[in-house]
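Working notes, structure below.
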């Protein structure tokens, strides 16, 4: 069966998240999006974990469903953990995702975390021990659990981040590096960028939304062709199984808020080449700019842009339907007009992904207004302009240009779309 899985989200117990981030509301929005497997997020938080045990029941395969509600939406027990520590005379700030197949495994993980730090103040707890220490705790609880580095290229909090990361998986995880079988690419990078590193050839690239509100679910996701089974999905990821891992769903990485270099305070946006010419300094204030994901990939890459490894898993790049509607109507994403049209289309087509992924080009205008249909097709063709995101600012998407034809934003490997 086709599984669309978004495995990295947060609950209402994490900072800067919507109060609607609970399993009941997540199931409703997953249905709207066309997602049938979603991570719970934040199982380390005592109150949220108590809620998970109250609201969910095992489905017998390492996954869970609502005790009362739509049984077609499955949940996987997941969490994100932040480790901040010194290594090699440098402060490291690494975020990792943890996946577990049972409440019992989570209880044992949480007990170990509770001995080592504060798990109450935030749904994404911060610990002072190393990433190696983290994976040891997780695997000592159960080898059925899995750890995956989160948003691997984000400057401030990731394994390859320019500000506090490492240059290799081995440098970060040491003897435990062999247990790192996948990384999450994050919103500001895509698989195509990661393919430039030969060191990642045997690493599976997964994509998730990191949603802090229900409407952001599925902005990135993974598409599998396998049974709805925790253990089978982990096997697909661990073994980079191209027959069962069909493709990822991606943001255009330019839209991510750390794609390019820059200095937000001075409203300075810079390409990697411009940053190098200015020796990493902001031309307005002279302070160091935040080196973004594209720049960092360039630093670590040993292959040219456009290289495709033999075992690459394809990617499909999308713009969320609400953004397309807002562009077509020339109004804000959060307006009542956009919300009304979004709900109408979802009711007509069954889900957002049914429209963005499955509906043939020739049939889009049967349910969509002409300009919305035009926007969906342009996104599928990569015919849009994006002012890249930088230093915490999301990129700005421009799909509709009346006076001139929009060219693809950059070279794409069309055969993989």
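The values are calculated or read from the model by the stated rules, or taken from the named source; none is laboratory data. Since this is a predicted model, take the numbers as computed values, not measurements. When we count neighbours, we look across all protein chains shown, and the Cβ atoms used for this are built from the backbone with ideal geometry, even at glycine.
A few notes on this one:
Results for (1) touching a strand residue (DSSP E or B) at 6+ places or on another chain (Cβ under 7 Å); (2) touching a residue at least 40 places away in the same chain (Cβ under 8 Å); (3) in the same structural domain as residue 6 (by TED's automatic domain parsing), shown as yes or no for each residue.
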residue: 188; (1), (2), (3): no, yes, yes
residue: 193; (1), (2), (3): no, yes, yes
residue: 197; (1), (2), (3): no, yes, yes
residue: 203; (1), (2), (3): yes, no, yes
residue: 209; (1), (2), (3): yes, yes, yes
residue: 218; (1), (2), (3): yes, yes, yes
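- Residue in the range 74-83 that is surrounded by fewer than 19 Cβ atoms within 10 Å (Cβ to Cβ), more than 24 Å from residue 159 (Cβ to Cβ) and in the same structural domain as residue 211 (by TED's automatic domain parsing) present: no
- Counted residues, the range 248-270 - those being surrounded by fewer than 22 Cβ atoms within 10 Å (Cβ to Cβ) and modelled with pLDDT under 95: 0
- Exactly one residue among 136, 115, 90, 163 is touching a strand residue (DSSP E or B) at 6+ places or on another chain (Cβ under 9 Å) and assigned by TED's automatic domain parsing to the domain that holds residue 190, and that residue is 163.
- All helices (runs of 4 or more DSSP H) inside the range 277-371 with 1 or more residues being in contact (Cβ under 8 Å) with a residue 24 or more places away in the chain: 293-300, 321-329, 336-349
- Selection count, the range 168-184, where residues are touching a helix residue (DSSP H, G or I) at 6+ places or on another chain (Cβ under 6 Å) and assigned to a loop (DSSP other than H, G, I, E, B): 2
- Number of residues in the range 338-356 that are out of contact with any helix residue (DSSP H, G or I) (no Cβ under 9 Å at 6 or more places or on another chain) and surrounded by 17 or more Cβ atoms within 10 Å (Cβ to Cβ): the value is 0.
- Qualifying residue in the range 130-139 (condition: outside any helix (DSSP H, G or I) and closer than 30 Å to residue 261 by Cβ): yes
This table checks each residue for (1) touching a strand residue (DSSP E or B) at 6+ places or on another chain (Cβ under 6 Å); (2) outside any helix (DSSP H, G or I); (3) buried (at least 21 other Cβ atoms within 10 Å of the Cβ).
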residue: 41; (1), (2), (3): yes, yes, yes
residue: 49; (1), (2), (3): no, no, yes
residue: 54; (1), (2), (3): no, no, no
residue: 61; (1), (2), (3): no, yes, no
residue: 68; (1), (2), (3): no, yes, no
residue: 71; (1), (2), (3): yes, yes, no
